[in-house]
Amino acid sequence: MARTLKSIFFPPSSKWKYWLFIAFISRFIFFLLVIHFSQYQGFKGFWGGMRADSEGYMLPFDNLVKTGAYSPDYRMPGYGVLYLPLILIFSKAVTCNIIIIIQLFFSVTSVYALALIARNLFKNEIPFCITFYLFAVSSFSSLMDPVILAESLSTSVLILSVYFITVFFNNYKRSNLILSGLLLTWGVFLRPVFCLLIICFFALILLNLIKTKRKFIVAFLFLLPFTLIDGSWIIRNYIVYKDPAPLTRTVLFPWIENSHLLPIMNFVEAWGGDVWFINPNAEATWFINNKPCTNDTVPFPKYIYTSAFNTDSLKMLKTLITKMGTDTSLSAMQKKEDERIVISKLNTYTASIKKEKPYIYYVKSNEIRLFKFLFSIHSVSKLFINNFITRFYSMFYYITICLGLVGLIFLLPYVFKASLQSIVAIVPIYIILIHPIVLRLNENRYLIPAYPFMLVAIAYLIYTIYCRVQGVSEKSVDKIQKL
C-alpha cells in the first residue's frame with residue numbers, strides 16, 4: 001500500500017510529465033478561482049483583472065504602435081516582450097487574455113523548476129517533493145497569474161534563472177549561464193529592483209567556479225545578456241534625454257515625485273505608516289481623501305509629534321490639501337503657492353522627526369514596515385467567498401512566513417561560505433531588506449518573488465530535521481548536500 005501511494009504521489013523527479021501535469025491542475029484551479037472571485041477590475045472581453053497601475057505596463061506600447069514613441073517611459077519595457085507583438089495582431093482584450101494564459105504556463109513551469117532547484121542543491125528527492133507540493137498548493141504565489149502586473153512573470157523568470165544556474169553546476173554547459181542571465185535580465189526589465197541580484201548571482205557563480213577549479217572567465221557569460229540589452233536601453237535613454245539611465249529615470253511615478261504627494265509619503269514613511277494612495281486605509285490617504293477635516297483625532301500615533309508640529313498642525317495641512325483638490329475657484333498661481341507651502345511644511349515635519357526622534361525614524365519605522373511587509377496580507381480575502389478557505393490560506397501564509405524565516409536562519413552557514421545553496425537564502429533576504437528597509441515600501445505583494453524561495457528554505461529545514469531524527473550525523477548531512 002505504502003509503495004503504491006509513493007508511486008502515485010512521489011514518483012522520481014525525472015518524471016517531468018507527471019509533475020507538470022499536477023502543477024498545471026493546481027495552478028489552473030487557482031487561476032479560475034481568482035478570475036471568478038477576484039475583486040480586481042477588468043474591462044470588456046478581458047477575463048482577468050487589473051490594478052490601478054496595470055495600465056502603466058501597456059500604455060507605452062499602445063503609444064509606440066500609434067505614434068512610434070515609447071511614452072510614458074517611467075517603466076522599463078520588460079512587459080512589452082509579450083504585449084507588443086500581440087497588440088500588433090490582436091485587440092487589447094485578446095492580447096491581455098493571451099498574456100495571462102502565458103503567465104499561467106510560466107507559473108506552472110516555475111512550480112516544477114523550483115522543486116528541481118531544491119533537488120539540485122540538496123541532492124535528494126525529499127526536498128524536491130516538499131517544495132513542489134508546498135508551492136503547488138500556495139494561493140499567495142498564484143493570485144497574480146490572471147492579473148496584468150509584473151509580479152507573476154517576474155517571479156517565474158526569477159525561479160527559472162536560478163534553476164539554470166543550478167543546472168549549470170551539474171553539467172557545466174555554458175548555454176545554461178547565458179539562459180539564466182537572459183531570464184534575470186528580463187526580470188530586471190520587469191522589476192528593476194532585481195538589478196542587484198545580477199551582482200549577487202554573478203559573484204556566487206564566480207566564487208563557486210573558483211572553488212571547483214573551473215575557468216572563472218565563464219562566469220561573465222551570465223552578464224552578457226544584461227550587458228547587451230541594458231546597454232541598448234542606456235543608449236536609448238541618452239539619445240532621448242541625454243541621460244544614460246541604466247534602469248528607470250524615476251523611482252516612483254512622475255506625478256508623485258513632482259508634487260506634494262512625495263513629501264506626504266516621506267512624512268508617513270518617517271514613522272512607519274502606509275503610503276499607498278490606492279489603499280483607502282493607508283495613513284497617507286488621510287491627507288488626500290478630500291474629506292473635510294473635523295474635530296476627530298488624527299489617525300496617527302501620538303509618539304510622532306515633535307516641536308515642529310502637532311495634531312492641529314496636521315489638521316491645518318489636511319485642510320489646505322483638501323482645498324487644493326476641491327476648491328475650483330482657486331487660480332493656478334494660488335494652487336502652486338499652496339502646494340509650495342504644503343511641501344515646505346511636510347519636509348520640515350519629516351526633518352524634525354529625523355532630528356528629534358532618530359529611534360522612530362531609523363529603527364521603529366523600519367520594524368513597523370518590516371512587520372507589515374511580511375504579515376499584513378490582504379490578497380487572500382480577494383480570492384474566495386468561502387470563509388473557511390480564506391482562513392485556511394491565511395493561516396497557511398503565516399505559517400509559511402514563520403517557518404521560512406527559520407529556514408533562512410538554517411541556511412545562513414551556506415551564505416557565510418558562499419556555497420551555491422546560499423542562493424535560496426539570498427533571494428528572500430534581499431527582497432525582504434530592499435523593500436521595507438532601503439526603499440521604505442511595505443506593500444505585501446512585493447514579497448511574492450521571495451515567497452517561493454522561502455518554501456525551499458522550509459523544505460531544507462524539514463529535510464535537515466528529518467536527517468537528524470533518523471540519526472544521520474551533521475557530517476553525513478553535509479556530504480549528502482554537498483554539490
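Values quoted throughout were computed directly from the atomic coordinates according to the rules given, and no laboratory measurement underlies them. Here the structure is a predicted model, which means the values were calculated and not measured. Cβ placement follows ideal geometry from the backbone for every residue including glycine, while neighbour counts extend to all protein chains displayed.
Points to keep in mind about this one:
- The packing ranking, built from the mean of other Cβ atoms within 10 Å per residue, places the peptides 72-79, 17-24 in the order 72-79, 17-24, highest first.
- Only Lys, Arg (+1) and Asp, Glu (-1) charged, at Cβ; the chain dipole about Cα centre in debye: 1380
- Remark: spin-label model distance residue 351-residue 288 equals 2.3 nm, labels positioned 7 Å along the Cα→Cβ axis.
- In sequence order, the stretch 249-256 has phi-based couplings of 7, 9, 7, 10, 4, x, 6, 8 Hz under the Karplus curve 6.51 cos²θ - 1.76 cosθ + 1.60, θ = phi - 60°, and Gly or Pro positions carry x.
- Of the residues 264, 346, 307, the one whose Cα sits farthest toward the positive end of the charge dipole of the stretch 254-356, with +1 on the Cβ of Lys and Arg and -1 on the Cβ of Asp and Glu, is 307.
- Per-pair calculated FRET efficiency, R0 = 45 Å: residue 36 and residue 199 via Cβ, rounded to 0.05: 0.60
- Potential extension, residue 232-residue 9 segment - 0.36 nm per residue separation minus Cα distance: 75.6 nm
- The ranking of 50, 395 by Cβ neighbour count inside 10 Å, starting from the fewest, reads 395, 50.
- For residue 147, the amide hydrogen comes within under 5 Å of the amide hydrogens of 49, counting only partners 5 or more places away or on other chains and with H modelled in the peptide plane.
- Charge dipole of the stretch 1-138 (Cα centre as origin; +1 on each Lys and Arg Cβ, -1 on each Asp and Glu Cβ, all else neutral): 540 debye, rounded to the nearest 20.
- On full extension, the segment bounded by residue 340 and residue 105 gains 79.7 nm, given 0.36 nm per residue less the C-alpha separation.
- Here the Karplus relation 6.51 cos²θ - 1.76 cosθ + 1.60, evaluated at θ = phi - 60°, turns the backbone of the stretch 87-96 into coupling constants of 5, 6, 10, 10, 6, 5, 5, 5, 4, 5 Hz, with x for every Gly and Pro.
- For residue 306, residues with placed amide H under 5 Å, excluding near neighbours: none
- FRET E, pair residue 51, residue 307, Förster distance 51 Å, beta-carbon r, rounded to 0.05: 0.80
- With contacts taken as Cα pairs under 8 Å at a separation of at least 6 residues, the stretch 254-356 carries a relative contact order of 32 percent.
- Options (1) 225; (2) 173; (3) 189 - which one matches volume of the Cα convex hull per residue in Å³ as calculated here: (3)
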